[in-house]
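I have a structure here, written as structure tokens, and I will follow up with some questions on it.
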Amino acid sequence: MSRAKKTDGAAEKKQREQELKRIKAAKKAKKTELKREKEESRKRIAEINAKKRAVKLEARQKVYRKIKKKLKNDPRGFGYNNYGFLPRVELKVKGGGAEVASRLSTAGIGMADVAVGGGFSTFKIRKKDFHKAVAILNELCYNFEIGEGFGIGRLTRFWLARSGLIFGAVAAAIALNISYSHIWRIDISGNEVLSDAAIESVLKKAGFVSGVKKTDVDTDLVCAAVNGMDGVSDAGAEIIGTTLYVYVLEAKDFTVRQKFEAYESAYDATVTRIVVRRGRAHVARGDVVKKGDLLADGDVYSTAGELLYTGECDADVYGDVSITVTAEVSAYSVEYRRTGKSKRQTCFTVFGRRLFTPKPPYKSYESRTTTANYDVLIPLYVTTYEYFETKPVTVERDVDAVAKEFAESKAKELEFVGEFTTSYTVKATETGLYRVNLFLSGEALISKGSPRRMPQDSENIGE
């Protein structure tokens, strides 16, 4: 007998060892798979980042090319050539000017910036030599013209006249520098189940919001904040221009579950299955429940049976449901069709401020919205709203098709699991409508979340 027990013990030990090996192998395989998925996600994020960087770089270079073209210097400067700060006067003499240059040089008059062309000699002399030079030219009987004056006086007048433009340019440069040193927009992509609002809430708690300085944003901390969310497999982040881009890779088969403090029955049913992830169940398999009965809650009691607090409850309760639904439907419906008229409106948003609020031009319409991002230098977004006018049109429908559509929508609403039975009848009424009598039967999700503990639950304390 003892030998048989020893044999059975050895077999069980060997079986346990094999099971442990299998579990370890499964864990190792899962770990390898997770590592591979993370590596693939990093590669995908790197590819996305590279593409976005290329697009942003091209946009930035395009803007720079336009600015450079606009600010390209004219060979003549601001409409004149500045030949020094000393007062000078320009003279234009007809002819080659060799004799004039010789006479002026003999008289001690210096000539500067001599240019010959078009039958004229153009040069500049000091302002104090102007009257002496005019006397020499009159003596030589040369035809001449007096041009513009140059020097510190004109230069001062020129800059004073443009002081407003200079101040505005400096102020704009300072504002641009301040703007470019901040994050004005957060762009979230890659998420399908998780909402942008949920991710933005996590980023806000971590201090990453619109208006924060770039120097205060650590992309590794941004990734860590997003990676801490349920359902996120991996995350990436980078700053381009004035935008913080956050890339999210969600875990496979992830669904967001809303938690309540209690669950009640949505239908009269017989309980078939109970799945409680958090909290406790108040029913068992085979129980017959009425609509509104308590199925599960998150109440926590002391050892004495006193209610301490109501926590979160997460449960799914299924049951066999058989219901009859009656509805009246019409053979006619109203459809809204486009008339062919359309209008466009454009809205600008700078630093998060909308400069124009669009107003629909039609009472009945369909719309299409497109947004262009120009935040290479400043956070500028241009949104175009396109409105298409529609008008109601009455169309006749097949009553049986309407009844079938009604039956399908009700079956979807009940969330049947597996196969279910459905049947309906259609009968005309005296009012011109059609009465649909629908019968549905099958296993369905019957638990419905409630934001607070059910009143009848207080009667179960201590049970």
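Rule-based calculations on the coordinates, nothing more; no lab input. Remember, predicted model here, so these are calculated numbers, not experimental data. Backbone-built Cβ (ideal geometry, glycine too); neighbour counts: all protein chains shown.
Identify all aspartates and glutamates with a Cα-Cα distance to LYS24 below 16 Å; exclude those on the same chain that are fewer than 8 residues away in sequence.
Candidates past the 8-residue exclusion: GLU33.
Take GLN258 and ALA197, extend 7 Å from each Cα along the Cα→Cβ direction, and tell me the distance between the two endpoints in nm.
In this crude spin-label approximation the distance works out to 1.1 nm.
Another one. At 7 Å along the Cα-to-beta-carbon direction for both THR303 and SER233, put a label point, then send me their distance in nm to one decimal.
About 4.7 nm, to one decimal.
Still on this structure: Could you tell me which of the pairs LYS38/LYS252; LYS213/LYS359; LYS204/LYS252; LYS92/LYS127; LYS30/LYS52; LYS404/LYS448 are separated by over 23 angstrom between their Cα atoms in the structure shown?
LYS213/LYS359; LYS204/LYS252; LYS30/LYS52; LYS404/LYS448
Any chance you could tell me what percent of the C-alpha pair distances in segment 307-428 go past 21 Å?
68 percent
Straight-line reach from LYS410: which aspartates and glutamates have Cα under 17 Å away, leaving out those fewer than 8 places along the same chain?
Once the sequence-local aspartates and glutamates are set aside, what remains near LYS410 is ASP268, ASP320, GLU328, ASP400, GLU419, GLU443.
Stretched out fully, how many nm does the piece from LYS205 to THR394 gain, at 0.36 nm a residue minus the Cα gap?
Using 0.36 nm per residue and subtracting the Cα-Cα distance, I get 62.9 nm.
I'd like to compare 298-307, 238-247: which one has the highest average count of other Cβ atoms within 10 Å, and what's the full order after that?
Ranked from most to least packed, the peptides come out as 238-247, 298-307.
How far, in nm, would the chain grow between TYR362 and GLU58 when pulled straight, counting 0.36 nm per residue and subtracting the alpha carbon separation?
Additional length available on full extension: 105.5 nm.
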